[in-house]
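First up is the structure itself, then whatever we jot down about it.
The values are calculated or read from the model by the stated rules, or taken from the named source; none is laboratory data. Note that the coordinates shown come from a computational prediction; the quantities given were computed from them, not determined experimentally. Note: ideal-geometry Cβ built from the backbone for every residue, glycine included; neighbour counts use all protein chains shown. Note: accessible area is taken over every heavy atom of the protein model, side chains too, but ligands, DNA and RNA are not part of it. Shrake-Rupley method; radii C 1.70, N 1.55, O 1.52, S 1.80 Å.
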Amino acid sequence: MHHVADRIRNVALVGHRGSGKTSLNEALLYEAGAISRLGTIADGTTAADTDADEQARRMSISASLRSFTWDERKINLLDTPGEPSFVADALGALRVCESAIFCVNAVLGVEVGTTRLWARAAELDLARMVCVTMLDRERADFFRTLEQLKATFGPHVVATEIPIGREHDVRGVIDLVDMRAFVYEDPARGSAAEIPIPDDLQDLAQEYREKLMDEVAEVSDTLMERYLDGEEITHEEIVGALKEGTNHGGIFPVVCAVATRNLGTNRLLDAIVEDLPSPVKHGGLSVAAGEETVVLQARPDEELFAYVFKTKADPFAGRISYFRVYQGVLEHDSHVLNTRSHTRERIGQLLVFAGKESGHTDAFGPGDIGAVAKLKDTRAGDWLASRDEPLAMPSIPLPAPVMAFAIEAVAKGDEDKMFEALRRLQEEDPTIDLHRDAQTGEQIVAGLSQMHVEVVMDRMRSRFGIEVALKPPRVPYQETVRGTAKGHGRHKKQTGGRGQFGDCHITIEPLHEGSFEFVDEIRGGVIPSGFIPAVERGCLDALAHGPVAGFPVKGVRVRLQDGSYHTVDSSEHAFRAAGMLAMREALAAAGAVLLEPIMLVTLSVPESSVGDVIGDLNSRRGRPQGMEPQGDLTEIRAEVPMAEVLTYAPDLRSLTGGQGDFTMEFLRYEEVPAHLAAKVAEQALEAPESAHA
């Protein structure tokens, strides 16, 4: 049997790194009876952070799904990473939920991660609730945080609870909907005790209840009229209006919790059921199918459409695919179609993650979220359906990988295994970039930050047993010529029997469009036409290592103008050698220069850091191209040589107090200033094998 769609809640826990998501996830699972004891981040015993690297770094790296029931509703809770390096998983979770609970730390308030994820949740039209966490810490302040939330996210942010006590003395909450107070003397499950609202909080509670009622009454005109006439509004009406307002971002309820003491958790579970929408309430999903738009409805009697939002490479179960059913029912032991690969997939074991264990089920109905092991050819972003109708899920823009490293396997012979392991990890995390640099021949792995790439390396070691070494990638310098020059190449050898003879005269000149052009100007057959391609090949051989520092030479036009041959001794080999000699001579005389790649760097930094960031870009030979404000942040565009920004990410982090972000793309090649070119040449000649592969 599957769960009925209007009794399901799909909720993503999101927020800045360290805002208490995983601890809250733990407390919710414990209070709901899905786990038997309250684990902690410090001990590495939470249900969500099961990977050794998550426990070691004390942070979530991938989203974790846990499902449980509360008040006869099935709640699918996705705990997401707050660290920006792993944002792909947080965005994937937001994509398949109707609701998000934003965790905001009561000491630090709204942080840059909160704002960025809020904008994404708004684009996806999610119901949003805020949970102010860590109220028992020093300098924690619920009311200051609430004002900051209003200032950042607008007037419809409204408290549905306020705390009793502050900092270390916080001991309970006042529910403003029913004006009831609860205290939590003990973290044990179900230990909340109702008390009368304390006298010293009566006025405050009344003031905040009125703010709540003002928001609730705005949901419908009839409610507004009755409220203004002073009529009593029932609990059911308030809850109904709250859910109506929250469903599509008309109201953002704010609740309080101290997850590590299980304080307020039972109220939050009630709020998930009462204030947040089911898949039915939230409405169907519109997707593009070819030219037209299809609306998928959470109904069991329609055709099946399920969306795979995440895959995880598990060393035991193989690949686990996490999916959300949007329409129809996905049944165990059935066959479905993957609409991208047009292949049939057999649905084997359907997995339910409850607490620390996973169980099995025979079906997932519309609106539900679940997982399945061992699909052959399905990856994140695919649709599984009962017929082959390719659907396009509106794409979420992912940040570009900007922190690149050259990577090599420590054990010779592990190269293929390394590549395969990286490919599997890339399926899990689409923000990893993997390619071979055509010029330097290095394997390049790029991520969103140094930590991101280090985590990928840790996973290769722990899951696939492959040790790899990282080093900064080499800059793919090039060379070119600035002037015109002549070259003469004569290859002549006489050793017993048949000799070798080839002779050619060339002129080279700068070529402004393209990297190489060969012009045959031979008249009267002084070099037979059969040998001319060999001369061209010889010229190209010489261009592989330029005269300045041994880098490839681009932007050269060669004119083959004269030469001579010998009827017996001439061969392709001899003319290829002659072409190479002629080219070397011409290059030496043509004024070769070194070129470097220039990147377009787009930064988004807080206004207060703009001066420092521009100053730093100037010191990197950068040229700012313009700035424009974007909310609290300023966008700066600058052209900067690649050599100056190989390790820019940690520097930008420290310049902007962790709040700056950037992306990079290749623009063009430009000449390296002479004094720097001499340095690059010196380094390249000292370590020839590291400069050119």
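Look at the alpha carbon pairs under 8 Å that are at least 6 residues apart: their mean separation over the length of region 320-458 gives a relative contact order of 22 percent.
Label separation (GLU210 vs GLU357): 5.4 nm, computed from points 7 Å beyond Cα along the C-beta direction. Angle, helix 674-686 long axis vs. longest principal axis of the chain, Cα atoms, 0 to 90°, nearest 10? Relative to the chain, helix 674-686 is tipped by roughly 80 degrees. By the helix-only formula, in which each DSSP H run with n ≥ 4 contributes -39500 (n - 2.57) and the sum is divided by residues, the chain has a 222 nm mean residue ellipticity of -8500 deg cm²/dmol.
Checking the a/c ratio against 1.5 first, then a/b against b/c, what shape does the Cα gyration tensor give for the chain? Because a/c hits 1.5 or more and a/b exceeds b/c, the chain counts as prolate. Mean separation of Cα pairs under 8 Å and 6 or more residues apart, divided by the residue count, gives region 586-683 a relative contact order of 41 percent. Relative to the longest principal axis of the chain, what angle (0 to 90°, nearest 10) does the C-alpha long axis of helix 202-217 take? Compared with the principal axis, the helix lies near 70 degrees. Element breakdown for region 392-459 at a 1.4 angstrom probe: carbon and sulfur atoms account for 54% of the accessible area.
Would region 593-672 count as rounded, prolate or oblate if I go by the C-alpha gyration tensor, calling it rounded below 1.5 in a/c and otherwise prolate when a/b exceeds b/c, oblate otherwise? Prolate shape, in that a/c is at least 1.5 and a/b is the bigger ratio.
For the chain, excluding the exposed loop sites themselves (GluC sites (Glu not before Pro), DSSP loop, at most 16 other Cβ atoms within 10 Å), the longest remaining stretch covers 522-693. Distant-in-sequence amide contacts of GLY249, defined by a placed amide H-H separation under 5 Å and a gap of 5 or more residues or a different chain, comprise ARG128.
Averaging the sequence gap over all C-alpha pairs within less than 8 Å and six or more residues apart, then dividing by the number of residues, gives region 218-363 a relative contact order of 12 percent. Computed about the Cα centre, the dipole magnitude for region 512-618 is approximately 400 debye when only Lys and Arg (+1) and Asp and Glu (-1) carry charge, each at its Cβ. Maximal additional length on extending the ASP221-ALA289 stretch stands at 20.7 nm, based on 0.36 nm per residue less the C-alpha distance. 3J(HN,Hα) couplings calculated from phi for region 590-605 with the Karplus curve 6.51 cos²θ - 1.76 cosθ + 1.60 (θ = phi - 60°) are, in sequence order, 9, x, 6, 10, 8, 10, 10, x, 9, 9, 9, 9, 10, 10, 10, 9 Hz; Gly and Pro show x.
Here LYS243 is the anchor, and the lysines within straight C-alpha reach of less than 27 Å, apart from those fewer than 8 places off in the same chain, are LYS21, LYS74, LYS150, LYS211, LYS281. Near LEU13, the amide H atoms lying under 5 Å from its own belong to LEU78, ASP79, THR80, ILE101; only residues 5 or more places off or on other chains count, and H is placed 1.01 Å from N.
With the simple spin-label model, which puts each label point 7 Å out from Cα in the Cβ direction, the HIS168 to LEU124 separation comes to 4.0 nm. Annotation for SER529 and ASP333: the two label points, set 7 Å from Cα along the Cα-Cβ direction, are 7.3 nm apart. For the pair LYS374 and ALA400, a Förster radius of 51 Å applied to the C-beta separation gives a FRET efficiency near 0.95, rounded to the nearest 0.05.
Surface analysis of the chain yields an accessible area of 43 Å² per residue, using protein heavy atoms and a 1.4 Å probe. What's the FRET efficiency of GLU231 with THR343 using the Cβ-Cβ distance as r and R₀ = 51 Å, to the nearest 0.05? E(calc), rounded to 0.05, equals 0.25. Converting phi to 3J(HN,Hα) with the Karplus coefficients 6.51, -1.76 and 1.60 and the offset θ = phi - 60°, region 484-492 yields 9, 8, 9, x, 10, x, 10, 10, 9 Hz in sequence order, with x at every glycine or proline. Candidate cross-link partners of LYS356 among the aspartates and glutamates, defined by an alpha-carbon separation under 13 Å and a same-chain spacing of 8 or more, comprise GLU26, ASP49, ASP51. Give the calculated FRET efficiency between PHE516 and THR647 to the nearest 0.05, with a Förster radius of 51 Å applied to their Cβ-Cβ distance. Once the sixth-power term is evaluated, E becomes 0.95. Relative to the longest principal axis of the Cα atoms of the chain, the long axis of helix 532-543 lies at roughly 60 degrees.
Once you sort the root eigenvalues of the Cα gyration tensor of region 248-339 as a ≥ b ≥ c, which label holds: rounded (a/c under 1.5), prolate (a/b larger than b/c) or oblate (the other case)? Note, shape of region 248-339 comes out oblate.
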